[in-house]
Every structure is written in structure tokens, then in C-alpha cells.
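Every number in this text was worked out from the coordinates using simple rules, so none of it is lab data. This one's a predicted model, so the numbers in the text were calculated from it and none came from an experiment. A quick note on method: Cβ atoms are made from the backbone with ideal geometry, for glycine too, and the neighbour counts reach across all protein chains shown.
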Amino acid sequence: MKSSETQTGKIRILYFARLRESLGKGEEELVLPEGVTTVGGLAEFLRQRGDVWASELGTGKAVRVAVNQDMAEPETAIGGGEEIAFFPPVTGG
Amino acid sequence: MTVRVQTEDFDVGAEIARLRKGNPRVGAVASFIGVVRDLNEGDEVATLTLEHYPGMTEKSLKDIVAQAKQRWDVYDALVVHRVGVLQPLDQIVLVVVTSAHRGEAFKACEFLMDYLKTRAPFWKKEATPQGSRWVEARASDDAAAERWS
């Protein structure tokens, strides 16, 4: 159970590979926006920045998300103090 | 079990010797080595740069190895994956599995590579005469991983 303090706390967002390059940053910290409670909600908040944010995180794009270093889905819950990463489908090996 | 992410090259013989050292019950060692090709999607590849998500990479590789050990009767497993700038002929990844018999070792080794390719957070960028580009994920890799579920 999360306290109200962590729920309103800061989150750390990471961007990798193509997303890091096109968005122009590898990471940022922000206070969890009001009303944002899921991965999908955070993506929608970021898309509202417009331009590359709207296109790179758009619904037609293949974007994967991890919460605290575990793969997540749009409906995965997020809260303050967590690490959320956005990246393209992986291509290692 | 061991997983390592590193910029340095690896010595396959030394890695295999270390993995099976002192275990006389090992009757089979299966290994896979992924290497950089000089041609992809019809273009010459000069360099391949590998990026990863420090922390999550190691966590996901350990999780994949743990799944392999649950599914098959293997004694030990090793995954070494390089990051940074690589060139054609360079080694990228090594997977080694030890078991009593070859069937389990082959299957676990193939499973590890199929899952690594679709789940571990690595990304490749290749430099070609037409410029640099991020390598796209392949549907055939997803299909290969699906076989095990």
C-alpha cells in the first residue's frame, strides 16, 4: 500500500534507443501529474507535449514500457518513486 | 548461473571450461555464439552499436535463465552479452548450458536465445553507407519465442 506522499512523489522516466534520440533526452524526473495512475495515462500525458512526443509515443508506434525494470502493459499502475522506461521493441542477441 | 553484460570480448573455450569445471556429472555442453554480420537488409554494415538498459538487462537475463532451469534438467547456464561498438566478425553474445544429456542442453540453449532476443532490453544500431539506422525487431524472432509458451 502506497502512502499519499509516494503517490504524489516524483517519478523517473527513462528513454532508450530510437526514442532517446528522437525525444532528445535519456531521462527526466517529474512530479506524477494529477490524475495519472497508469502507464497508459502517463503515455497520454507525454503525448500532449506535441511534436515528436505525439508521434513517437503515438498509438500506431511499437513502444514497450517497463515499470521498475519489469515489462508493463498500458493498464499497469504507477506511483511516486517509481522508474518508468519507454523503448522500442528489443533487438539484442 | 551467471549473466554478464560487458564491452570486452569473451573467450568461448575459457568460459565453457569455467562453467563445467569440477562437475563430473556433466555429459553435454551446448553453446551458441552470435556474431556481427557485414550485411543486413541488403546493406553493408560497418559497425554495430549495442545499447542496453543497465539493471533491467541483468534482471531479465537472470529471469530467463531461471525459467530455463525450471523447464529443463540443466546443471548450469551462462549468458554473456556485449554492448558498445562492434564490427563485422566480432562476437556479440554467448549462451552455454551444461546438462547430463544433449537433448536438455540443446533445448535450453535455444530457449535462452529465443527469449533473450525478444525480452532482454538491448538495441542495435548499425552504420551503413546510407547512414546510421536502428535495427527493427523481427516478427520471426517473436514467432520463435512463441514456440516455447
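Listed values, structure above:
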quantity: Listed pairs A:LYS61/B:LYS107; A:LYS25/B:LYS117; A:LYS10/B:LYS125; A:LYS61/B:LYS59 exceeding 30 Å between Cα atoms; calculated: A:LYS61/B:LYS107; A:LYS10/B:LYS125
quantity: GluC sites (Glu not before Pro), loop per DSSP, at most 14 other Cβ atoms within 10 Å - longest free stretch of chain B; calculated: B:42-135
quantity: Average other protein chain Cβ within 10 Å of Cβ, residues B:53-60; calculated: 5
quantity: Contour excess over end-to-end distance, with Cα ends at B:GLN87 and B:THR7 and 0.36 nm allotted per residue; calculated: 27.5 nm
quantity: Separation of alpha-carbon centers, the range B:58-119 and the range A:72-87, rounded to whole Å; calculated: 27 Å
quantity: Proxy reagent accessibility, fewest Cβ within 10 Å first, across B:SER132, B:SER140, B:SER31; calculated: B:SER140, B:SER132, B:SER31
quantity: Estimated inter-spin distance, B:ASP63 and B:ARG133, nm [label 7 Å along Cα→Cβ]; calculated: 3.1 nm
quantity: Charge tally in the Cβ shell below 12 Å around A:SER22, where Lys, Arg are +1 and Asp, Glu are -1, A:SER22 excluded; calculated: +1
quantity: Percent antiparallel among DSSP beta bridges (both partners in chain B, rounded to 5); calculated: 85 percent
